[in-house]
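Student: Submitted below is the structure of interest, expressed as structure tokens.
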Amino acid sequence: MEEIIYLEKPNLVKPYLVIGFEGWPNAAEVSSIALRHLIDNLEAKKFASIPTESFYQSSSLRPMAVIKEGRLIELKSPGNYFYYVKSALFNDLVLFYGVEPHLRWNVFTDLVLDLAERLNVRQIFTIGGTYDYIPHTYPPMVSALLNHEELRERVIHAGLELTEYSGPISIHTYLLEASKKRSLKAISLWGHAPQYLQTKNVKVACSVLKKLIHLTGIEVDLSELENAGNYFDQQVNHLVEEDPKLQEIITKLEEVYRHSEKLPQESGKEKGAKEDKVVYIQAFLKKLEDEEKKEG
């Protein structure tokens, strides 16, 4: 029988539970960036974990190794960890950062929600990222999926778009449905990253965290992410200036976005040329970072 492994059983007062996963629902690394920032900035303390053996295919989620001069230095397996934050300034927090399981979503979800009930969690938030047809020149869009009608006004008041979607789901949606059956209120926050920028997007992750702060009242310093987001924008704009084709695409996206306030849909003709509209800028940004280090 699968069980959560506890290092400590914290005494928390009606905490919020914030959940993030690597994997499919982590486009532009929005979930990873957001959860790591919360854990690091709030100095969250690890207190529990979910064993990985029963929920993943090792051929798809391989352990990571560090090898130097032919010698194995370190071998690390992916993990699913719970952290907690106690504060006199805002509500207690439980943070979960893991990898979306390949198998047995029902058992995995039960483990997470059992812990939520045991700690008397007041509300659950999940954070995810998705690629979308949205221009990077506008403020990032953050949408929300909720599992209880009472949450609708809070979501709208926070300036969130209500999700419209039909298709394959991530474990976020599964968690919301399972939470509803246990009478646990939950909101799934999704940061929309421009589809043509296939790299981690700090700016989008920062926007999601701002919405989370608005909904929960927690206090988190976002200045580091904001500065990184501004730098990211500068580098992307520099790259766009050198690519007339990309300029044209972005201009069209801006026009549709400005007039309809909705994202343009991909036509059948465009699907065949999707790769032509994607800019893989990770290598470009890495090159700039290396050059800056040399100059420093």
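Student: Please work out whether segment 12-227 counts as rounded, prolate or oblate from its C-alpha gyration tensor, where a ≥ b ≥ c are the square roots of the eigenvalues and a/c under 1.5 means rounded, while otherwise a/b larger than b/c means prolate and anything else oblate? Intermediate values should be presented prior to the final figure.
Tutor: Numbers: a/c = 1.37, a/b = 1.17, b/c = 1.16.
Here segment 12-227 falls in the rounded category.
Student: Holding the Cα-Cα limit at 24 Å, pick out from LYS14/LYS210; LYS9/LYS86; LYS45/LYS181; LYS45/LYS210 the pairs that are longer than that. Mind dumping the intermediate values first?
Tutor: Numbers: LYS14/LYS210 21 Å; LYS9/LYS86 13 Å; LYS45/LYS181 29 Å; LYS45/LYS210 22 Å.
Flagged as over cut-off: LYS45/LYS181.
Student: Return the sequence-ordered ³J(HN,Hα) values of segment 135-146 in whole Hz as given by the Karplus equation 6.51 cos²θ - 1.76 cosθ + 1.60 applied to θ = phi - 60°, using x for Gly and Pro.
Tutor: 3J(HN,Hα) across segment 135-146, in whole Hz: x, 6, 7, 9, x, x, 8, 10, 10, 9, 10, 10.
Student: Compute the helix-to-body angle for 244-260: its Cα long axis versus the longest principal axis of the chain, expressed 0 to 90° and rounded to tens.
Tutor: Its long axis makes an angle of about 60 degrees.
Student: Shifting gears a bit: Relative contact order for segment 12-227: what is it in percent, counting Cα pairs under 8 Å that are at least 6 residues apart?
Tutor: Values: 409 pairs, mean separation 61.5, N = 216.
The normalised contact order for segment 12-227 reaches 28 percent.
Student: Build a GNM of the chain with springs between Cα atoms under 10 Å: which of ALA193, ALA88, ALA178 gets the top mean-square fluctuation?
Tutor: For the chain, modelled as a Gaussian network with Cα springs under 10 Å, the answer is ALA88.
Student: Here's another thing I want to ask about it. Which of the three applies to segment 1-62, rounded, prolate or oblate, going by the alpha-carbon gyration tensor with a ≥ b ≥ c and a/c under 1.5 meaning rounded? Kindly include the intermediate steps, with their values, before the conclusion.
Tutor: Details: a/c = 2.36, a/b = 1.15, b/c = 2.04.
Because a/c hits 1.5 or more and a/b fails to exceed b/c, segment 1-62 counts as oblate.
Student: For SER31, SER223, what ranking results if the residue with the fewest other Cβ atoms within 10 Å of its Cβ goes first?
Tutor: Numbers: SER31 30, SER223 9.
With the fewest neighbours first, SER31, SER223 line up as SER223, SER31.
Rule-based calculations on the coordinates, nothing more; no lab input. None of these values were measured; they are calculated from a predicted model. Note that each Cβ is placed from the backbone with ideal geometry, even for glycine, and that neighbours are counted across all protein chains shown.
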